[in-house]
Structure formats: C-alpha cells, structure tokens
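J.: Handing you a structure now.
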Amino acid sequence: MEKLRGFEIAKGFEDKNINLPERKTKYSAGYDIEAAEDVVIPSLKKGQNPTLVKTGLKAYMQDDEVLLLYNRSSNPKKKGLILANSVGVIDKDYYGNPDNDGHFMFGFYNIKEEDILIKKGEAIGQGIFQKYLITDDDKAEGERIGGFGSTNK
C-alpha cells in the first residue's frame, strides 16, 4: 500500500509506548495527539518561554499538504493552556529532517495561577491534514536542512 499521509514514531521514542493519533468519531477532522511524557507547565510569568510538550511523533504527507496542530477546545478553560503560536504548522519537508527526525511538539503557556501537570498519554491537542495552494508566481526552491526554526537558516 502506498503511504499517503499519516503518523509514525520519531527516532528516540521507539520504546516509549507512544500511541499513534486517532480520530474518535467518523466525522472528526482532528487526530487526537497525546503527550509522550509527563511534563509540568508552570504558571505564566513575564518573559517566560513556552513549555514544549513532546509527542514522540512525526508526520508524512503529500507534496501539497500540511499538518496543522490545534489546541484541544477544553484546554484553555479547564487547564489554562494556550498554544504559544495559536496554530502549529508542520510542513511535508519537516518529516525525517536531520536535526530531530521530524519530531513535532506543542508549545504551551499556562495562564492559570498554579502549575499544570500533563501526564504521559494525556490528549494535548489535535492534528488536521489539509491541502494548500500556491500562487502563480511562486518560486520556492529551497530545501529544508534542519528541524525546528530552520526555514531561513
């Protein structure tokens, strides 16, 4: 069977009992994604960086597709967790990159007054695969040479 799109375990997480994302109902757009390990997300302080929550996953897709990472709808109200970048964008060429094998994570801020513990296996967000379009005058020819934050390097 030809691989079109999906999730795989990223290098370094093969023996960590990572669950591949699943849709819970037949009309769900998103694949529920779990935390790969326990992590504490501290209450937000000025100047603080977001806490990266590992998934242990990488995603493969077609040339004209993207994986978008969204927060769980219950996270802001119940846990005070918001995504630092609002929506994560995982490009096709992030898969298997030499820096981190394409391992993607969720970056959270905690707006509650108390620290929040995320347990391994807890659903933290969802991923939605989508097609995208390019402009008539698109000239992109660059090649990804690294992982997170490497597009312009």
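J.: Out of the residues in region 31-49 that are in a strand (DSSP E or B) and either of a type outside the set (S, T, N, Q) or touching a helix residue (DSSP H, G or I) at 6+ places or on another chain (Cβ under 9 Å) (or both), which is nearest to Gly107 (Cα to Cα)?
T.: Kept after step one, since they are in a strand (DSSP E or B), are these residues of region 31-49: 31-34, 39-41, 43.
This time we only want the ones that are either of a type outside the set (S, T, N, Q) or touching a helix residue (DSSP H, G or I) at 6+ places or on another chain (Cβ under 9 Å) (or both), so: 31-34, 39-41.
Values: Tyr31: 18, Asp32: 16, Ile33: 13, Glu34: 13, Val39: 12, Val40: 12, Ile41: 10 Å.
Step by step, filter region 31-49, then rank; the result is Ile41.
J.: Out of region 52-65, which residues are surrounded by fewer than 17 Cβ atoms within 10 Å (Cβ to Cβ) and either among the hydrophobic types (A, V, I, L, M, F, W, C) or on the phi > 0 side of the Ramachandran plot (or both)?
T.: Leu52
J.: Give me a count of the residues in region 108-136 that are in a loop (DSSP other than H, G, I, E, B) and not basic (Lys, Arg). Walk me through it before giving the result.
T.: At the first step, the residues of region 108-136 found to be in a loop (DSSP other than H, G, I, E, B) are 111-115, 119-122, 132-136.
When the remaining residues are screened for being not basic (Lys, Arg), the result is 111, 113-115, 121-122, 132-136.
Total satisfying the criteria: 11.
J.: Further question: Out of the residues in region 83-102 that are buried (at least 17 other Cβ atoms within 10 Å of the Cβ) and under 18 Å from Asp32 (Cβ atoms), state the one that is farthest from the chain's Cα centre (by Cα).
T.: Selected residue: Leu83.
J.: In addition: Select, from Ile124, Ile128, the only residue that is under 16 Å from Thr55 (Cβ atoms), crowded, with 18+ Cβ neighbours inside 10 Å and in contact (Cβ under 8 Å) with a residue 24 or more places away in the chain.
T.: On the way: Ile128 fails: crowded, with 18+ Cβ neighbours inside 10 Å.
Going through Ile124, Ile128 in turn, just one is under 16 Å from Thr55 (Cβ atoms), crowded, with 18+ Cβ neighbours inside 10 Å and in contact (Cβ under 8 Å) with a residue 24 or more places away in the chain: Ile124.
J.: So which residues in region 1-51 are of a type in the set (A, V, I, L, M), surrounded by 15 or more Cβ atoms within 10 Å (Cβ to Cβ) and under 16 Å from the mean Cα position of the chain (by Cα)?
T.: Initially, region 1-51 is screened for residues of a type in the set (A, V, I, L, M), giving 1, 4, 9-10, 18, 20, 29, 33, 35-36, 39-41, 44.
When the remaining residues are screened for being surrounded by 15 or more Cβ atoms within 10 Å (Cβ to Cβ), the result is 9-10, 18, 33, 35-36, 39, 41, 44.
Matches in region 1-51: Ile9, Ala10, Ile18, Ile33, Ala35, Ala36, Val39.
J.: Mind telling me which of the residues Leu52, Leu68, Leu20, Leu4 ends up being more than 14 Å from Ile118 (Cβ to Cβ), in a strand (DSSP E or B) and at pLDDT 95 or above?
T.: Going through Leu52, Leu68, Leu20, Leu4 in turn, the sole match is Leu68.
J.: Here is a follow-up. Among all residue pairs at least 6 apart or on different chains, which show Cβ distances below 6 Å where the first residue, located in region 87-110, is within 20 Å of Ala140 (Cβ to Cβ) and the second is of a type in the set (Lys, Arg) and at pLDDT below 95?
T.: Taking only residues 6 or more apart or on different chains, the pairs are Asp93/Arg144; Asn97/Arg144.
The values are calculated or read from the model by the stated rules, or taken from the named source; none is laboratory data. Please read these numbers as outputs of a predicted model, since none were measured by experiment. No Cβ is skipped: glycine too gets one built from the backbone with ideal geometry, and neighbour counts run over all protein chains shown.
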